[in-house]
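Step one of this worksheet: look at the structure below.
The values are calculated or read from the model by the stated rules, or taken from the named source; none is laboratory data. Just so it is clear, the model here is predicted, and its values are computed rather than measured. All Cβ positions, even for glycine, are placed from backbone atoms using ideal geometry, and neighbour counts span all protein chains on display. Heads up: the accessible areas ignore ligands, DNA and RNA and are worked out on the full protein's heavy atoms, side chains in. Shrake-Rupley method; radii C 1.70, N 1.55, O 1.52, S 1.80 Å.
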Number of protein chains: 2
Amino acid sequence: MHVLIVEDEKSLHQEVRQFLLQSQYLVDSAFTYAEASEKIFVNSYDFVLLDLGLPGGDGLDLLREARQNERQEASFIILTARGAIDDRVKGLDLGADDYLPKPFSLLELQSRMQAIMRRKFGLKRQELTFGQGFQLDATGRTLRYQDQDVTLTKKEFDLLHYLLLHKNRVLTRLQLGEHLWGNVLEDDSDSNYIDVHIKNIRKKLAQFAPTHFLETVRGIGYRMTE
Amino acid sequence: MHVLIVEDEKSLHQEVRQFLLQSQYLVDSAFTYAEASEKIFVNSYDFVLLDLGLPGGDGLDLLREARQNERQEASFIILTARGAIDDRVKGLDLGADDYLPKPFSLLELQSRMQAIMRRKFGLKRQELTFGQGFQLDATGRTLRYQDQDVTLTKKEFDLLHYLLLHKNRVLTRLQLGEHLWGNVLEDDSDSNYIDVHIKNIRKKLAQFAPTHFLETVRGIGYRMTE
DNA sequence: CTTCCACAATCAGAACGTGCATAGGGCAAT
DNA sequence: ATTGCCCTATGCACGTTCTGATTGTGGAAG
């Protein structure tokens, strides 16, 4: 799931960002109207969290713009201090998916996002399958092989999940470290804890089926294929 | 992709450098104003990561200088202590491509660079094709011939990738050495490790199709054609 | 056309680096 | 106090990269 946060107030922005990163979203940031406009145009997001009081333009215009582009499938959630019913109505008219008045709790944000996802994808959960018979349920945090449960620890699950979200891309140890451990500015390249977790994951999965889908890319990192 | 890091604070510099190297960028370094100015003038970069608080001069002057040189195509990303809004505005006015407040996450840096690249080249995924049926995916670090995987080692992949990025241009051993090994100006012409790698690449590719697209240019270096 | 030389290609093996396996200690949750 | 998870440390094995010697080749000069 790819999310764009459009919010100029730095501390709030950072807070939301951090939270979403921890929830396994891929997060992108925009602080101004221009930045947001460009990113929405260039990338494709699943969600756009949109603050209305932006420097450089009215957030609602962004929404309008985006809705005119039919290729755009992002769900917009409007964040604003203005409790103004007016904005709310306009926003929803223009096709916003939900509306969240500031201040809001991160948990509320999360539950609204999940609600939208349910709406969007039916009642279907976020399920990722791989390697003939494995099925990872991100919301229930379970992994199944055919009909048997596979128990993973938290870190193992997160690591596998993250790799799975980026199927067919090589992820470096640094990238993994940053996402899963938040090592923002640390260089523990001398540590091998990621390797150890990978090894443990492989060991657990190998009880059920060969694990060639979880590849080592020598000198770079790891990759899930298929 | 060739990046110049301009940052006097050593540990941060090193960190970013390490990360970018691992992300397959070609990295060059400058610690002072003078050093940076010279390197920007002499070389051509795709990105310049520019710290503003430099010994020997104001970083913004560097940006201004560079922008006056129309042959200069580098994208500038400004790195500076959080909250200096003034600098930010000035930087963007002068034509910086993006702005990153310290401290920043390496992933954020990467995603911004990718965003800029998308803007610049309109690329989504870096896929390069060559020689009737070969397809190289830079993000997944895979090479395919029709539907079969071709496995290359790290150096082989990087070398091929680099040649491919400069299709139809002859690359000298010095250029290749400089970019792939960071041998800035060394006359180790007595070593033939590049030839060896070329040979190994040819050997692997030849299993699938003739390799006339990878040419030797006698006395100069190598070239990918088509 | 032949000779000759500089440069490229090839090859084997040495040196190096990286990932894997394993074990154990610290720490948090219970 | 006990359990289980996460991280660290270490040695090993293997794949990768580089070296140096040798063979092969294109092209300029005679």
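Contact annotation: residue pairs with Cβ atoms under 8 Å, 6 or more positions apart or on different chains, pairing a residue in segment B:34-47 that is more than 15 Å from B:Gly59 (Cα to Cα) with a partner that is open to solvent by 80 Å² or more (accessible area, probe 1.4 Å) and not in a helix (DSSP H, G or I), are B:Ser44/B:Arg71; B:Ser44/B:Glu73; B:Asp46/B:Glu73.
Residues in segment A:61-113 that are at pLDDT 75 or above, among the acidic types (Asp, Glu) and over 20 Å from A:Phe31 (Cβ atoms): A:Asp97, A:Asp98, A:Glu108. Determine whether A:Asp46 is in contact with a strand residue (DSSP E or B) (Cβ under 6 Å, 6 or more places away or on another chain), more than 13 Å from chain B (Cβ to nearest Cβ) and at pLDDT below 85. When the stated conditions are applied, A:Asp46 passes them. Restricting attention to segment B:3-21, does a residue exist that is assigned to a loop (DSSP other than H, G, I, E, B) and modelled with pLDDT under 75? No; the residues of segment B:3-21 include none that is assigned to a loop (DSSP other than H, G, I, E, B) and modelled with pLDDT under 75.
Among helices (runs of 4 or more DSSP H) entirely within segment A:147-226, having at least 1 residues that are near DNA strand C (Cβ under 10 Å from one of its atoms), in contact with a strand residue (DSSP E or B) (Cβ under 9 Å, 6 or more places away or on another chain) and within 30 Å of B:Leu12 (Cα to Cα) singles out A:173-181, A:193-206.
Looking only at residues in segment B:22-34 that are at pLDDT below 80 and in contact with a strand residue (DSSP E or B) (Cβ under 9 Å, 6 or more places away or on another chain), the one that is farthest from the other protein chains (Cβ to nearest Cβ) is B:Leu26.
Yes/no matrix, rows are residues, columns are (1) within 19 Å of A:Thr225 (Cβ to Cβ); (2) without any contact (Cβ under 8 Å) to a residue 40 or more places away in the chain; (3) buried (at least 19 other Cβ atoms within 10 Å of the Cβ):
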| residue | (1), (2), (3) |
| --- | --- |
| B:Gln132 | no, no, no |
| B:Gln135 | yes, yes, no |
| B:Arg141 | yes, yes, yes |
| B:Gln148 | yes, no, no |
| B:Lys154 | yes, yes, no |
| B:Asp158 | no, no, yes |
| B:Tyr162 | no, yes, no |
| B:Leu165 | no, yes, no |
| B:Val170 | no, no, no |
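Note on segment B:192-219: residues that are of a type outside the set (S, T, N, Q) and surrounded by 12 or more Cβ atoms within 10 Å (Cβ to Cβ) amount to 14.
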